[in-house]
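Take a look at the structure below.
The values are calculated or read from the model by the stated rules, or taken from the named source; none is laboratory data. All values reported here derive from a predicted model rather than from experimental measurement. Using ideal geometry, Cβ is built from the backbone for each residue, glycine included, and neighbour counts are taken over all protein chains shown.
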Amino acid sequence: MPHLKAAISRTLQLALVLWAVVTILFLMFRLMPGNPMAAYIDPTFTLEQQQALMAQFGLDKPLWEQYFIYIGNLLQGELGQSFRYREPVATRIWALLPNTLILTFSSLILAYTFGILAGAYLAWKRGGVVENAAIPLVLTTRAMPEFWLGMVLLAIFSFNLGWFPAGGTRPAGASYDSLWALYTSREFLSYLALPALTLAIYSQGLPLLLMRSNMLDVMKEDFVTMARIKGLSNWTVVVRHAARNALLPVMTSFAIAVGYQLQGNVVVESVFSWPGLGRELVNAVSASDYPLAQGAFLMIAVVVILMNLIADLLYALLDPRISHA
Amino acid sequence: MTETLLSVRDLRVSYKVGASRIDAVDGASFDVPRGTIVGLVGESGCGKTTIAKALTRVIADNASITGGQMMFEGRDLVSLSERQMNALRWREIAFIPQSAMNSLDPVYTVESQLNEVLRRRGGLGRREARKRCEELFELVGIDKGRLSDYPHQFSGGMRQRVAIALALALNPKLVIADEPVTALDVIVQRQILDQLRELQAALGISVIIVTHDISVVAYICDRTVVMYAGKVAEAGSMQATLTEPSHPYTMGLRNAFPDLQGAASGTLTPIEGAPPNLAFPPPGCRFAPRCPFVLETCRQVNPPLETVGPNHVAACHRAGEAVELRTQAARVDTWSGKVLA
Amino acid sequence: MLDATIGKRPGFVRRVFQSLRLPLNDPFAVFGLSIYGLFVLTAIFADQIAPYDPTEILYTPDYMLAADLRPGEDGHILGTTSLGRDIFSQIVHGSRSALLIGLTAAFMVALIGSIVGVVSGYFRGWIDIVLMRLADIAFGIPFLPFVIVLAAFLQPSIWNVVIAMALVLWRDTARVIRSQVLTLRSRGYVDAARVAGSSDMKIILRHIAPNILPMSFLYGSIAIGWAILTEASISFLGFGDPQSISWGYMLQDAFASQALAKQAYYWFVPPGVCIILVVSAGFFITRGYENILFPKLGR
């Protein structure tokens, strides 16, 4: 099973990258100007809290010792206390992660559904008026600042037309029995619509252009001609053979796009006051809540790296030439 | 058994290249009798593959059939509607491609690709299709355990067998094989050809083999159609055309290939020069610029296909002198080409 | 001997220009180049074009704060901000920071990426392994969050964007350049030059550099777009330089001043359109290099 070996070596490689990112983060926050303890201790903490954190993170110990304590704490999911919220960073981040993931996945599923269909269509209608207009248009969506697109959509659909709420995830004062009840409520969908649409408009260009160029390549393949000679229906030829083959790299790109989207989330979450990881990172940095900033950054980095790994594994899984080598 | 299955008459296929039109097939006529193997032979660019594709009516986007008839069991394939044509495809006319590697879809198992044809085109149920898959694999001599393998897991020769199984799936009347063994080594070539011959005889189907290799024709075909520059140069029974060729091009081709048995009889003599540019074909006989026996008329008048013997036609002004020309053609210096030992 | 023949080839500068092959017959590329030209001119003559100082707080003739004027009112082409600043003048001056950031960041990315790529591909061995592992790590760093965290330690400044890009985004360029250098190496003449006694430095400058320059240029022009977009995002999030007027700053100002609720499209649409124009100009020039739009997929 050579692909298993490749998967393991890739996993190890990415584990190494993760370790490097963690180390860079450690050095950045320890070597920053001012009191080295500022990374974990806020002057307004009570004396006991300060002493507890001192002990927990070994802040009075030499740097190399602090490093091992830091790694040890990380492995236990211990990220320190948020200055602003007076609660463990890990708790805070776990609470925000679902919001970010819901926004990311809903927008990407939208973007990929549209992009794949439109890309396949453009490849099929190669050279027409539609294509000549569509490609520059798609390139333009890639050139947009996502938050600006969000602002325009907000100004039109929320402030002018009043179709959607202006931000947040729920009406003021509304409470739900569980997170599940919130996420499945109609109100939540109306809050989700604009930010998800914003991210989707920005993201559809990638699957669209990728699908289009793959389709154009695949349509020239002998097996597509053969499918026609077999008398298979046009639908079978285009969908079952051409699109199925062209889809492979597009599906792989989905995982990478998830990691990539998390970066776009940072600004879009801020525009729509969406309580996610990105907005929290921005707020934490603005408020000098260093433990929280560190934690949010780390979480985003973990998802990015994880998604790179999933992309590789997905490709191996979807392509029989690799999975059945 | 001279009943004709397919009769091609004056077929024209043109490609649009930029502003100009190129007649890749320029008035080709030949017959395929039932239960025979017909070899369509010629150099690359002579129009043989274009004819093969035209018979399925799946041709390049810039190509079109501009004239002639392809009578298949009383129906003219040229004038059938796309819907009627599609009904014929694979059920009656199947295809074996040159490279089975590229013509099998890499993401589906071989069984799934057989099933696609059996179920979508043949209307078989799940269980019947499975049975037929096993039958077909047995027919072409592959272990049925390999049905669930993907194309890339087979060797080149095995893949070609899969392609044959695929072509036979719906019991077609005509199988068109486009350079079916070109990509294979000589030993595998013979195995595949032997198998094709066997299956053809057992199933009583007709086969058109498109090849540039006249030794393949000699090895397996009943009849030969020699193509040159979009036209039929000579056609007839394999025996007649290869032992008593009446067209200088056929004589030249015969000199240029070893036979498949591997015993090189004498020397190999290539034909000097290259086929004409079909955008500007020469006015008279298209072979005239390369022909060692060229006359003045050859350069001006295009020779028609004429009967030169029983079941044997050729398009040459000097077909009457064929016996004399054959002796000359056997001499290497006639072709004044480089001699390959 | 070999050097003599090399000397006869067209000059270095001319070869660079030849190899860039600016696609002047493609209408899209011409469109893109024209936009670049327009913005460069605007940036250079910003003081002459802009009717007001972009940071000056303006008053109406009757000594009222000239706040939230609509386009055309009191001669303000695009109206004024809530603080009474002229929007058109801000747009014009915004082109300066956009081009400054864009060009500097592009230069840094192309320079660092090319150097890493050339060193990696030319010398191979352990240095290649080390540099490519570094690139792997750079690929693991989420870029925009990194810029934000960086802003936590450094003074808020638009240069943070350039620093962050130089630290992280060289990875894409480096990988592509490296594989190009590997291809170049495999074509014998590098070895031939070595045998002839040329030094590594000489070979790199004479044989490698001219061939990889188009690719560096290409990645540089893509980086211009990235830099401008990143700067806009950072400024929008409030980590930009409050002293300099940029399009991102304008959008932040508009967002914070309730321009959306006030339906002041004339305020927040023009900066966005300017960003789109400049960034897409880069895309149009490099059209056909689709994979370059998706640096993450070119792996």
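Table: residues versus (1) out of contact with any helix residue (DSSP H, G or I) (no Cβ under 9 Å at 6 or more places or on another chain); (2) aliphatic (A, V, I, L, M); (3) within 8 Å of chain A (Cβ to nearest Cβ); (4) crowded, with 20+ Cβ neighbours inside 10 Å.
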site: B:73; (1), (2), (3), (4): yes, no, no, no
site: B:97; (1), (2), (3), (4): no, no, yes, yes
site: B:131; (1), (2), (3), (4): yes, no, no, no
site: B:138; (1), (2), (3), (4): no, no, no, no
site: B:157; (1), (2), (3), (4): no, no, no, no
site: B:161; (1), (2), (3), (4): no, no, no, yes
site: B:167; (1), (2), (3), (4): yes, yes, no, yes
site: B:171; (1), (2), (3), (4): no, no, no, no
#### Entry: All positions within region C:255-281 that are in a helix (DSSP H, G or I) and more than 10 Å from residue A:148 (Cβ to Cβ)
C:256, C:265, C:266, C:267, C:270, C:274, C:277, C:278, C:279, C:280, C:281
### Task
Within region C:191-213, track down each residue that is exposed (fewer than 15 other Cβ atoms within 10 Å of the Cβ) and touching a helix residue (DSSP H, G or I) at 6+ places or on another chain (Cβ under 6 Å).
C:196
### Summary
Of the listed residues (B:75, B:89, B:120, B:146), the one being among the basic types (Lys, Arg) and touching a strand residue (DSSP E or B) at 6+ places or on another chain (Cβ under 9 Å) is B:89
### Summary
Within region B:120-159, the residues that are part of a loop (DSSP other than H, G, I, E, B) and free of Cβ contacts under 8 Å to residues at least 40 places away in the same chain are B:123, B:124, B:125, B:142, B:143, B:155
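Quick grid of which residues meet (1) at the interface with another protein chain (Cβ under 7 Å from one of its Cβ atoms); (2) among the hydrophobic types (A, V, I, L, M, F, W, C):
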| position | (1), (2) |
| --- | --- |
| A:241 | yes, no |
| A:246 | no, yes |
| A:257 | no, yes |
| A:263 | yes, no |
| A:269 | no, no |
| A:290 | no, no |
| A:305 | yes, yes |
### Task
Tell me which residues, restricted to region A:152-170, are in contact with a helix residue (DSSP H, G or I) (Cβ under 7 Å, 6 or more places away or on another chain), facing chain C (nearest Cβ under 10 Å) and not hydrophobic (A, V, I, L, M, F, W, C).
A:158
### Matching entry among C:283, C:217 (being out of contact with any Ser or Thr (no Cβ under 6 Å at 6 or more places or on another chain) and either within 9 Å of chain A (Cβ to nearest Cβ) or modelled with pLDDT of 85 or more (or both))
C:283
### Query
Taking the stated definitions as given, is residue A:273 touching a residue at least 12 places away in the same chain (Cβ under 8 Å) and buried (at least 23 other Cβ atoms within 10 Å of the Cβ)?
no
### Message
Among the residues of region C:144-157, are any closer than 26 Å to residue A:291 by Cα, of a type in the set (Ser, Thr, Tyr) and more than 10 Å from chain A (Cβ to nearest Cβ)?
### Response
yes
### Filtered residues of region B:23-47 (kept if more than 25 Å from residue B:74 (Cβ to Cβ), crowded, with 19+ Cβ neighbours inside 10 Å and not small (Gly, Ala, Ser))
B:23, B:26, B:41, B:46
### Summary
residue A:321 passes all but one of the listed conditions (1) crowded, with 19+ Cβ neighbours inside 10 Å; (2) within 30 Å of residue B:122 (Cβ to Cβ); the exception is number (1)
### Message
Quick test for you: out of A:159, A:164, pick the one residue that is part of a helix (DSSP H, G or I), modelled with pLDDT under 80 and either aromatic (Phe, Trp, Tyr) or not assigned by TED's automatic domain parsing to the domain that holds residue A:278 (or both).
### Response
A:159
### Message
Checking the conditions here, which among C:169, C:131 is in contact (Cβ under 8 Å) with a residue 12 or more places away in the chain, within 14 Å of chain A (Cβ to nearest Cβ) and crowded, with 24+ Cβ neighbours inside 10 Å?
### Response
C:169
### Query
Of these, B:209, B:192, which one is free of Cβ contacts under 8 Å to residues at least 40 places away in the same chain and either farther than 17 Å from residue A:226 by Cβ or in a helix (DSSP H, G or I) (or both)?
B:192
### Task
Among the residues of region A:193-235, write down those that are within 14 Å of chain B (Cβ to nearest Cβ), among the polar types (S, T, N, Q) and surrounded by fewer than 21 Cβ atoms within 10 Å (Cβ to Cβ).
A:233, A:234
